[in-house]
Structures are given as structure tokens and as C-alpha cells.
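Only one structure is covered here, and it is reproduced in the block below.
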2 protein chains.
Amino acid sequence: MDRIPILKMGNLLLVTIQVDMHDRLAMTLQDDLTSRIVKDRAKGVLIDISALDIVDSFIGRMISNTAAMAKVLDAHTVVVGMQPAVAITLVELGLKLDGVRTALNVERGVALLQRME
Amino acid sequence: MDRIPILKMGNLLLVTIQVDMHDRLAMTLQDDLTSRIVKDRAKGVLIDISALDIVDSFIGRMISNTAAMAKVLDAHTVVVGMQPAVAITLVELGLKLDGVRTALNVERGVALLQRME
């Protein structure tokens, strides 16, 4: 597993994170995603984290950085599918997903991105 | 990694296969997917395999079986994102994805499923 696939849906890109992130995989994802935003002229990025039981500070920072990169390329980022336990942990640990909007699921994330355009 | 997330998009379900399948993971996916087809009243299933470099007979059979299960629940299955090398190998090895339609990417898969409804 060297890279996380990025799916194009209209002018949005969808990334489903299913595996434990490590430095190299996170860097590859950021490289791929920024290239695809430019190539596909994407206006929004959906990051699905429904498969993650834990979001630690590394993942949190990776998501925030990815969103910041997308933003300078004029694309909004929405994180979708967060499990209840992850939401609890994020708040209890004081982890912030800076610059990132969240939505309950992909459908609501798509609706949010379409309103933000 | 105990289960592959299933994303709902309108009346379609999207599954992105990113990891090596093994028996238990495949069975969990089939359980989850059939439950979700019923629960979400889905009319179609998209299986994205763009992250797979190899599709062997086990994966091929798993996809065919999943499509057969979806079919008896009145949902069509479309496999999307197949890499060129995978297409070559499938044909050279004579592996057939029985009962499964394919499309180049998610967007074309969605279009195909909407025509099939």
C-alpha cells in the first residue's frame, strides 16, 4: 500500500482513509492531492475518516495541513464520517482540526461544499 | 483494519478497496454491504479498485460473489478504476468478473448505474 486513491466526483475529490497513516504515506497523499486539485480543477476535497477508530495528533495535523494546502489552491476541505468516539477523543484531548469543516457523511459533505463554492 | 467503509451517495453505495483482502475481511465486507443495500435501499454499488496493483482469482471471485449478492437484492454492481496492468492480467489469466460491469472511473460508473436503473 503506497498510496491512497483519490476519486473524482464532479468538481470534488474524495479520499477515504482506511489505513494507519505514516509519514511517507501522508506526504504521498498530500503530493497526489495537490496535483489532482490542479489537474482536475477541483473546488472541494472530501476526506472520509469513517474507518478510523482513533485520530491522534499526527493524523489531526496531517488533515489540517492538507486542508491548508488545498485552500491555497482555492479548494475547500470537509472531513466526513467521524465516529462518535473520535469526536469525544478530539475534544477531550483538545485536538483541533484547524481550518477544516466537518460533516456527518459524504452526502452532507457534498452539500456543504456545494454551498461553499 | 477490520472493515472496509461503505459510503452512501444518493441511492448508490461506494466501496474503495485499498488493502489486501483476506477471507475474514471479504466476508465482513459482504455482510456489511448486503445489510447496507437493504438499510439504505441502494440501487447500485460502486467498487473502486484503483488502489489494487493485482487482482488474483480470490479477489475476482470475491467481487463476483458480492455482485451476485447485490443482484438478488436488486442492486447493480459496477467495478471502477481498474489499472491498465490489472486489465491485462485479468485477460491473460482468463479471469472473468462474472456478472460485473466495469467503468473507467467513479463518474462513469455513476452514469452507468443511473442508466441501468
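Every read-out reported here was derived from the displayed coordinates using simple, explicitly stated rules and does not represent laboratory data. Small disclaimer: the values here were computed from a predicted structure and weren't measured. Note that each Cβ is placed from the backbone with ideal geometry, even for glycine, and that neighbours are counted across all protein chains shown.
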Could you calculate the FRET efficiency of A:D32 with A:E92 from 1/(1 + (r/R0)^6), where r is the beta carbon distance between them and R0 is 22 Å, rounded to 0.05?
0.10
Pseudo-label separations to other copies for A:K96 - Cα-to-Cβ vector, 7 Å, nm:
5.9
7 Å along Cα→Cβ for the label point: how many nanometres lie between A:P84 and each equivalent label in the other copies, listed shortest first?
4.9
By average Cβ neighbour count within 10 Å, what is the ranking of B:63-76, B:8-21, B:104-117 from highest down?
B:8-21, B:63-76, B:104-117
With chain B treated as a Gaussian network of Cα nodes joined by springs under 10 Å, which of B:R41, B:R61, B:R24 yields the largest mean-square fluctuation?
B:R24
Relative to the other copies, what are the label-point distances for A:R41, with labels 7 Å from Cα along the C-beta vector, expressed in nm at one decimal and sorted shortest first?
3.7
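Rounded to the nearest 0.05, what FRET efficiency is calculated for A:F58 and A:L104 with R0 set to 35 Å and r the Cβ-Cβ distance?
0.90
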Proximal lysines to B:K71, defined as alpha-carbon separation beneath 24 angstrom and excluding residues fewer than eight positions away on the same chain:
B:K8, B:K39, B:K43, B:K96
Check which residues have an amide H placed less than 5 Å from A:N105's amide H, if you skip close sequence neighbours.
A:G81
For the stretch B:47-117, what does the alpha-carbon gyration tensor say about shape, rounded, prolate or oblate, given a ≥ b ≥ c as the root eigenvalues, a/c under 1.5 as rounded, and a/b over b/c as prolate?
oblate
So what's the back-of-envelope 222 nm ellipticity for chain A, counting only DSSP H runs of four-plus at -39500 (n - 2.57) apiece and dividing by all residues, rounded to 500?
-14500 deg cm²/dmol
Chain A: relative contact order from alpha carbon pairs under 8 Å, six or more residues apart, as a whole percent, is 25
Which whole-angstrom value gives the distance between the alpha carbon centres of the stretch B:1-78 and the stretch B:90-117?
13
